[in-house]
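So the structure is just underneath, and the comments pick up after that.
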Amino acid sequence: MSRARIPYRAVTAIQGGVFILFCLIVLLPMLTPTAARAQTQTNESERAIPVPNPSADLWREVRQREGIVAGRSQVAGVDSGTLINPYGETWRNFRMQQLIPYSGYLLAGVLLLLTLFYFILGKIKVDAGLGDRKLFRYTLYERTIHWFIASVFLFLALTGLILLYGRPLLIPLIGQEGFSLLASASKEGHNLFGPVFAVALLLIFFRFVRRNIYQKGDLTWLLKGGGIIGKRHVPSNFFNMGEKSMFWLLALVGVVIVGSGLVLVFPVFGQARITMELAHVSHAVTTVLMIAVILGHIYIGSVGMEGALDGMTTGYCDLNWAREHHAQWAERCEQEGEVVSESEVSSQRGEAAGGPAAPSGMQESGQ
Amino acid sequence: MSHDFAKGVAALESQIDSRVAAYFSSCVHCGLCAEACLFYTETQDPRYTPIYKLEPMRRLWKEQHTFWGKFAIKLGLSKPLSDQDFADWEELVYDSCTLCGRCSMVCPVGNDITYMIRKEREGFAAAGYTPPGLQEATHRALTIGSPMGVTLKTLQAALRHVERNTGLSIPMDRQGADYMALFSSMEVVNFPEYIESVACIFDAARVSWTISSQAFEATNSGIQIGSREAAREIVGRVVDAAESLGVKYVISPECGHAYTAIRWEGPNLIGRPYKFEIIHILELLDQLQQEGRLKLSGLTETPLTFHDPCQIVRRGGVIEPPRDLLGKVASGFVEMADHGEMNWCCGGGGGVSANERAEGLRLKVFDRKRKQLEALGVKTLVTACANCRIVLEEGIEDRDMDVEVIGLTELVAEHLAAAPAASSTGSE
Amino acid sequence: MIGQLIDGPLWYFSLAVFGVGMLYRLYSILRAGVKPDLAPPRAGGGAGALRNLFSRFVPRRDVATRGRLTLIAGYLFHLGLFALLFFAQPHVDFLAERITGFGWPALPYWAFIISAELAFVGLLLLWLHRLLHPVTRLLSSVDDHIGTGLVFLVMLSGCLALAQAFEPLRLLHLFLAELLLIYFPFSSLMHTFTFVFSRGYTGAMMGRKGVNA
């Protein structure tokens, strides 16, 4: 029994689980004869002899199948009055039978959908073609914090997925020994980078919140499915409805992710096991949702759309791309004369092939 | 000018000392020096990053002083320094660096980048990759005695004019005087009022002084173009003249790089300490004023600010004297946000103003000074360097600004206790 | 087998390369020589060197504004790395056992974790800045990225081994640290030591001129 629990403990790495295990180990010598017999004998003995078995009563009290009854204990600590938390089994079943398979199907489904998208739509081209005129889109600071949160997110997603799907997917591949090592590494890495993600999320939120407030026209964009329905691109401002929604999802869901993560990673603020279980469930559900959304985000930025990545790497996006995807913003930039030529951009970026000073351009540094 | 790559490499090699080796070893390419350089801040062109201007020298150091460098060259992994590199970097080394030294103040690991650029120019000069404007100026300095072609006759004419205006007689070649004054060509040609002011102040403070007919030129194109030989020759003339006249002090004029040349580089160029001392005119005026020999009266009320000439203040160490003096003659003196040892250069130092090719860039980076002045809102700019002054005036004209530039020594002279009380900066 | 190699011979080898290489680098700097300054100084160079050694820890106002991302991230990284390198309990134990022979008070676990997090935030931001800013893009060489990358990997492997329960994870961390030690003397990571020379030389020269550099 206890051997089978080892990978499980490594996978979940939750203090509550450890505590249950600890209780079991402590109680095992005492309970083994009673419990083992109880399981096999209960049915027969109930019918055969109406006299209740005192061991069964004791077990019932200990097991607390009808809900938690906090007893008294000399041991100071959260939950020390509860010998066995019955919800632990509920949580375990949810994790094993619902969370892992369904979230797996969801992520696999998203990947499949994106693959289908790619094969049906291909890379969405800029109709007018990429030109040599550019618009300044993201400052250095904005790009830095974007890639900062991106790298931290990817690391957390990877380690989190290892912890979640390790038992069904990785143990068959690398064995229990290998996985226990990988799981320990993932758990430590995940815990250490968690708070870093919180910092990154704050930086992102405060930097981009203004441009993500919903405005007129966003609903139209949504109704037309962001241009997927119908052949036309739907005009939008600096960010379109989809991007705004992703931002707010990240912001709101991010709070849950960070909050539940902190509950899990610092079990020192009097959280009971039940709190930890709930935190784990919400952490898992929200992160899987976020990973699914981010997969779409990565798809558009990489292979899904021509010209979409440039703004986040060079800081400048193509004018034609902006006209087609962020028409209102592009129009305003053009009216204000903010269009720059490709050669100006490359000299700003220090890629000019000789030649003296670059003309005055956008203020890039100073962030 | 013909190009001699081998000679350039040899010269550059000889410039690599412990300091340069430590500096290149320490640089982590953080890019902060760019933020201190007006050529970068005003153009946003990353090639103007100060440490990037040192790529040729860094590569030579790497080739010769580091294990990896030697290894990579042997294996053909990296290309050795070539003639083309000199050609490519010439503009960065001469047109986009005024040797102002601001980058050297901000480097987190403490690298003196300016020190290295000064040395790198030795290699470029030896290889023959120098701007024509500076070549000509150096040539004139060596043959005629002044980068602007000012001869003794020109000076004498200017002095006669000064004597007529002031009624004083200017002592020439007086043996045993305490002080020997030097001037920059720019002062002789464009700002003779500086000479006039010096004459009046010295007369009022009873200073025993003279001008040498053998060496009156203070500027030194040699240190701008990066030629030790030329610099040594030019400094040597002053040293010979001063030591033959037996003066105790030689006065460096307001001109900035002249001070660096004669005060800090000179003894190292000629290889021995002088038998006299160098004193900057501002140091002398401040000293006279503190000793009570120079009596000043009246305060100019016009709000004014001070443009620190880099070579006098940041690279020269004359920081407090101009402020002391301004405090004695002006009530409306305000500092710019970045001042003293962190001032912004006018854009024309280090030979850039003598380099016609760089004019467009120089006027562009003048924006930095314009922004500083506009932020302060002051219409009168005092400075203490003839070169800064002319560069500032050109920039102000180019940008259609309403700012007047005046020399500090003249401002002090206007407040001489004996002088007419009606002086004010606006009347100049 | 590999574990023994990493824990024994390779550790001593990398330590030797680091020590000898570093001393050789410092020697090669000193060997280049400095000519004596013949210009009469305003103030002593020694005081200037000493002052500059410390004053450069405080950024100048103007550059602190323009380059604040570099400065903040730089401070986070360097302070965090310093704290966790010398004051994390496992490191104190390791250094005491292998090098010094004596230990010193270590940070509590939470402070160790916080310093690691700050160091990671700083390093990631600095690396991204290096990749994205036009100036640092232009300046950065392969060496800069190898150096940053190795430091990152050492820190990451260290954080993965935090449970201190798996020998292979400890060995991975140690192995990467050894690679870093071997790479160190050949790279601009040398600034860890040479910055003292740079600041000293500049401070002395500026001090002689009477300027607080």
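The values are calculated or read from the model by the stated rules, or taken from the named source; none is laboratory data. Small disclaimer: the values here were computed from a predicted structure and weren't measured. Quick reminder, even Gly has a Cβ in these numbers, built from the backbone with ideal geometry, and neighbours come from all protein chains shown.
May I ask you to list the residues in the stretch B:292-344 that are of a type in the set (D, E, K, R) and either surrounded by fewer than 17 Cβ atoms within 10 Å (Cβ to Cβ) or in a helix (DSSP H, G or I) (or both)? Don't jump to the end; show me each part of the working.
Of the stretch B:292-344, the ones of a type in the set (D, E, K, R) are B:293, B:295, B:301, B:308, B:314-315, B:320, B:323-324, B:328, B:335, B:338, B:341.
Of everything in the stretch B:292-344, those that are of a type in the set (D, E, K, R) and either surrounded by fewer than 17 Cβ atoms within 10 Å (Cβ to Cβ) or in a helix (DSSP H, G or I) (or both) turn out to be B:293, B:295, B:301, B:320, B:323, B:324, B:328, B:335, B:341.
Quick check on the stretch C:59-69. Is at least one of its residues under 30 Å from residue B:340 (Cα atoms), surrounded by fewer than 18 Cβ atoms within 10 Å (Cβ to Cβ) and in contact with a helix residue (DSSP H, G or I) (Cβ under 7 Å, 6 or more places away or on another chain)?
Step one: filter the stretch C:59-69 for residues under 30 Å from residue B:340 (Cα atoms), giving C:59-69.
Now restrict to residues that are surrounded by fewer than 18 Cβ atoms within 10 Å (Cβ to Cβ): C:61, C:64-65, C:68.
From what's left, in contact with a helix residue (DSSP H, G or I) (Cβ under 7 Å, 6 or more places away or on another chain): C:64.
Yes.
Look through B:13, B:35 and report the one residue that is of a type in the set (Asp, Glu), crowded, with 24+ Cβ neighbours inside 10 Å and assigned to a helix (DSSP H, G or I).
Within the list B:13, B:35, the selection yields B:35.
Residue C:31: surrounded by 13 or more Cβ atoms within 10 Å (Cβ to Cβ), at pLDDT below 95 and of a type in the set (Lys, Arg), yes or no? Show your work before the answer.
Values: surrounded by 13 or more Cβ atoms within 10 Å (Cβ to Cβ): no; at pLDDT below 95: yes; of a type in the set (Lys, Arg): yes.
Here the answer is no, as residue C:31 does not meet what is asked.
Conditions tested, residue by residue: (1) without any contact (Cβ under 8 Å) to a residue 40 or more places away in the chain; (2) hydrophobic (A, V, I, L, M, F, W, C).
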| residue | (1), (2) |
| --- | --- |
| A:270 | no, no |
| A:293 | no, yes |
| A:324 | no, no |
| A:328 | no, no |
| A:331 | yes, no |
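Hey, which of the helices (runs of 4 or more DSSP H) in the stretch C:1-109, taking only ones fully inside, have at least 3 residues that are within 14 Å of chain B (Cβ to nearest Cβ)?
Details: elements: C:2-7, C:9-31, C:45-55, C:61-66, C:68-87, C:89-95.
The helices (runs of 4 or more DSSP H) meeting that bar are C:9-31, C:45-55, C:61-66, C:68-87.
With respect to residue C:203, determine if the residue is more than 8 Å from every other protein chain (Cβ to nearest Cβ), more than 30 Å from residue A:179 (Cα to Cα) and either in contact with a helix residue (DSSP H, G or I) (Cβ under 6 Å, 6 or more places away or on another chain) or at pLDDT 95 or above (or both).
On the way: more than 8 Å from every other protein chain (Cβ to nearest Cβ): no; more than 30 Å from residue A:179 (Cα to Cα): yes; either in contact with a helix residue (DSSP H, G or I) (Cβ under 6 Å, 6 or more places away or on another chain) or at pLDDT 95 or above (or both): yes.
Answer is no for this residue.
Kindly provide the set of residues from the stretch A:76-111 that are polar (S, T, N, Q), in contact (Cβ under 8 Å) with a residue 24 or more places away in the chain and under 17 Å from residue A:165 (Cβ atoms), ordered by number.
A:103
Which residues, counting only those in the stretch C:39-61, are of a type outside the set (A, V, I, L, M, F, W, C) and within 21 Å of residue C:78 (Cα to Cα)? Let's see the steps before the verdict.
As a first pass, look at the stretch C:39-61 and keep what is of a type outside the set (A, V, I, L, M, F, W, C): C:40-42, C:44-46, C:48, C:51-52, C:55-56, C:59-61.
Listed by number, the residues that qualify are C:51, C:52, C:55, C:56, C:59, C:60, C:61.
Taking residue B:90 as the residue in question, decide whether it is within 14 Å of chain C (Cβ to nearest Cβ), over 30 Å from residue C:50 (Cβ atoms) and in contact (Cβ under 8 Å) with a residue 24 or more places away in the chain.
Working: within 14 Å of chain C (Cβ to nearest Cβ): no; over 30 Å from residue C:50 (Cβ atoms): yes; in contact (Cβ under 8 Å) with a residue 24 or more places away in the chain: yes.
So residue B:90 fails the test.
Kindly indicate which of B:256, B:222, B:236 is without any contact (Cβ under 8 Å) to a residue 60 or more places away in the chain and either more than 19 Å from residue B:140 (Cβ to Cβ) or outside the structural domain of residue B:15 (by TED's automatic domain parsing) (or both).
On the way: B:256 fails: without any contact (Cβ under 8 Å) to a residue 60 or more places away in the chain; B:222 fails: without any contact (Cβ under 8 Å) to a residue 60 or more places away in the chain.
Criteria check complete, one pass: B:236.
Among the residues of the stretch B:400-415, count how many are closer than 17 Å to residue B:322 by Cβ and under 22 Å from the mean Cα position of the chain (by Cα).
Going through the stretch B:400-415, the residues closer than 17 Å to residue B:322 by Cβ turn out to be B:405-415.
With the extra rule that they be under 22 Å from the mean Cα position of the chain (by Cα), the set shrinks to B:405-412.
Qualifying residue count for the region: 8.
Can you confirm whether residue A:114 is closer than 30 Å to residue A:71 by Cα, out of contact with any Asp or Glu (no Cβ under 8 Å at 6 or more places or on another chain), in contact (Cβ under 8 Å) with a residue 12 or more places away in the chain and surrounded by 14 or more Cβ atoms within 10 Å (Cβ to Cβ)? Talk me through it step by step, then tell me what you get.
Values: closer than 30 Å to residue A:71 by Cα: no; out of contact with any Asp or Glu (no Cβ under 8 Å at 6 or more places or on another chain): yes; in contact (Cβ under 8 Å) with a residue 12 or more places away in the chain: yes; surrounded by 14 or more Cβ atoms within 10 Å (Cβ to Cβ): yes.
Here the answer is no, as residue A:114 does not meet what is asked.
Among the residues that make up the stretch C:179-194, is at least one of them surrounded by 21 or more Cβ atoms within 10 Å (Cβ to Cβ), out of contact with any His (no Cβ under 7 Å at 6 or more places or on another chain), within 9 Å of another protein chain (Cβ to nearest Cβ) and hydrophobic (A, V, I, L, M, F, W, C)?
Yes, the stretch C:179-194 contains at least one residue that is surrounded by 21 or more Cβ atoms within 10 Å (Cβ to Cβ), out of contact with any His (no Cβ under 7 Å at 6 or more places or on another chain), within 9 Å of another protein chain (Cβ to nearest Cβ) and hydrophobic (A, V, I, L, M, F, W, C).
May I ask you to list the residues in the stretch B:186-200 that are of a type in the set (Phe, Trp, Tyr) and closer than 13 Å to residue B:165 by Cβ?
Of the stretch B:186-200, the ones of a type in the set (Phe, Trp, Tyr) are B:191, B:194.
Result: B:194, single match.
Please find, within the stretch C:154-178, the residue that is nearest to the chain's Cα centre (by Cα) out of those that are within 7 Å of another protein chain (Cβ to nearest Cβ), in a loop (DSSP other than H, G, I, E, B) and surrounded by fewer than 21 Cβ atoms within 10 Å (Cβ to Cβ).
Out of the qualifying residues, it is C:163.
Read through the list (1) within 14 Å of chain A (Cβ to nearest Cβ); (2) surrounded by fewer than 24 Cβ atoms within 10 Å (Cβ to Cβ); (3) closer than 28 Å to residue C:25 by Cα; (4) among the polar types (S, T, N, Q), then give the number of the only condition that residue B:49 fails.
Here residue B:49 meets the rest and fails (2).
Residues are listed down the side, and each one gets a yes or a no for (1) aromatic (Phe, Trp, Tyr); (2) out of contact with any Cys (no Cβ under 7 Å at 6 or more places or on another chain); (3) not in a helix (DSSP H, G or I):
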residue	(1), (2), (3)
B:24	yes, yes, no
B:54	no, yes, no
B:78	no, yes, yes
B:87	no, yes, no
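Please go through (1) closer than 27 Å to residue A:193 by Cα; (2) within 14 Å of chain C (Cβ to nearest Cβ); (3) buried (at least 20 other Cβ atoms within 10 Å of the Cβ) for residue A:164 and return the number of the only condition it doesn't satisfy.
Failed condition: (2).
Among (1) surrounded by fewer than 17 Cβ atoms within 10 Å (Cβ to Cβ); (2) more than 7 Å from every other protein chain (Cβ to nearest Cβ); (3) touching a residue at least 60 places away in the same chain (Cβ under 8 Å), where does residue C:210 come up short?
(2)
Across the stretch B:146-162, which residue is farthest from residue B:135 (Cα to Cα) among those that are assigned to a helix (DSSP H, G or I) and without any contact (Cβ under 8 Å) to a residue 24 or more places away in the chain?
To start, the set of residues in the stretch B:146-162 that are assigned to a helix (DSSP H, G or I) comprises B:152-162.
Applying the additional criterion that residues be without any contact (Cβ under 8 Å) to a residue 24 or more places away in the chain yields B:153, B:156-157, B:160.
Numbers: B:153: 24, B:156: 27, B:157: 27, B:160: 32 Å.
It comes out as B:160.
Assess whether residue A:99 counts as being part of a helix (DSSP H, G or I), out of contact with any Pro (no Cβ under 7 Å at 6 or more places or on another chain) and among the aliphatic types (A, V, I, L, M). Write out each step before concluding.
Details: part of a helix (DSSP H, G or I): yes; out of contact with any Pro (no Cβ under 7 Å at 6 or more places or on another chain): yes; among the aliphatic types (A, V, I, L, M): yes.
Here the answer is yes, as residue A:99 does meet what is asked.
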